[in-house]
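Q: Here it is, the structure, as structure tokens.
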Amino acid sequence: NVNMIIKKGQRVGIVGQTGSGKSTLVDLFMCLLKPQSGKIIIDGKEISFSDQIELNRWRMNISHVPQDIYLIDDSIVNNIAFDIDRNNIDMKKVYESAKKAMIFDFVNSLPEGFETFVGERGVRLSGGQKQRIGIARALYKKSKVLIFDEATSALDNKTEEKVMKCMDNLINDDITIITIAHRLSTLVNCDVVYEIANSKIKKIDVKYD
């Protein structure tokens, strides 16, 4: 008995205690889980879980930015244009994505710039820098839907503010943004916020004066 409508270009916040079902809800949205009952409808069409091509087509529209960004021990440019052959990387898109993710100036100030190696799992970068590279990666992919899955929960308040400004930069890009958080302060700029509790979803107001 859960109903939820997300409009294109909307900024949606999801909050709830650990174990309440936030990540399960998002996994359903990404069609990584099949609902036991009910249906998932996208652009007026019910998703068929028996149609792998349809599922893949939907998933290609989505970028997932988790709490722990996966980085390979390679250059920053190869981590942004992840899984793209180096000869096919569009550097203009890399720069644009980095600027929107507010990581361009930092990377450009490094002696080797975008060719700087990040170390195993990004050990040479701070938590906030890794998150912003993760956001730049999502933007390079030109995804229509961005999901921030407690992406700022491990950051200090000052670094979290920088990452949140990255999200604010995307407000005019017609991108649908879904943010899972455990701090309500992270969700103040959302168009709508849903709280999950006791297997139910309800809208809440988190606007501050």
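Q: Out of the DSSP beta bridges found with both residues in the chain, what percent are antiparallel (nearest 5)?
A: On the way: 8 of 27 bridges.
Percent antiparallel among DSSP bridges in the chain is about 30.
Q: So, with +1 on the Cβ of K and R and -1 on the Cβ of D and E, and no other charges, what is the size of the charge dipole of the chain about its Cα centre, to the nearest 20 debye?
A: Its charge dipole is roughly 500 debye.
Q: Rolling a 1.4 angstrom probe over the protein heavy atoms, how many square angstrom per residue are accessible across the range 31-142?
A: Working: 6680 Å² over 112 residues.
Accessible area per residue: 60 Å².
Q: Quick one: of 92/202; 142/165; 45/93; 93/162, which pairs are farther than 30 Å apart, Cα to Cα? Intermediate values should be presented prior to the final figure.
A: Working: 92/202 42 Å; 142/165 19 Å; 45/93 32 Å; 93/162 21 Å.
In this structure, 92/202; 45/93 lie more than 30 Å apart at Cα.
Q: Sorting check: for 118-131, 7-20, which peptide has the highest mean count of neighbouring beta carbons within 10 Å, and how do the rest follow? Numbers along the way, then the final one.
A: On the way: 118-131: 18.0, 7-20: 16.2.
So the order, starting with the most tightly packed, is 118-131, 7-20.
Q: Sticking with this one: Based on the alpha-carbon gyration tensor of the range 27-158 and its eigenvalue square roots a ≥ b ≥ c, which shape applies: rounded if a/c is under 1.5, prolate if not and a/b is larger than b/c, or oblate? Before the final figure, lay out each step's value.
A: Working: a/c = 2.55, a/b = 1.84, b/c = 1.39.
Prolate, because a/c is 1.5 or more and a/b exceeds b/c.
Q: Tally up the carbon and sulfur contribution to the accessible surface of the chain as a whole percent, 1.4 Å probe, everything protein left in place.
A: Numbers: 5680 of 12180 Å².
Accessible surface attributable to carbon and sulfur in the chain totals 47 percent.
Q: Further question on the same structure: Using label points projected 7 Å from each Cα along Cα→Cβ, tell me how many nm separate residue 124 and residue 32, to one decimal.
A: Each label point is offset 7 Å from its Cα along the Cβ direction, giving 2.9 nm.
The values are calculated or read from the model by the stated rules, or taken from the named source; none is laboratory data. Keep in mind that what you see is a predicted model, and the values were worked out from it rather than measured. Cβ coordinates were reconstructed from backbone atoms using ideal geometry, including for glycine residues, and neighbour counts include every protein chain displayed. Ligands, DNA and RNA are stripped out before the accessible areas are found, and what is left, the full protein with its side chains, is counted by its heavy atoms. Shrake-Rupley method; radii C 1.70, N 1.55, O 1.52, S 1.80 Å.
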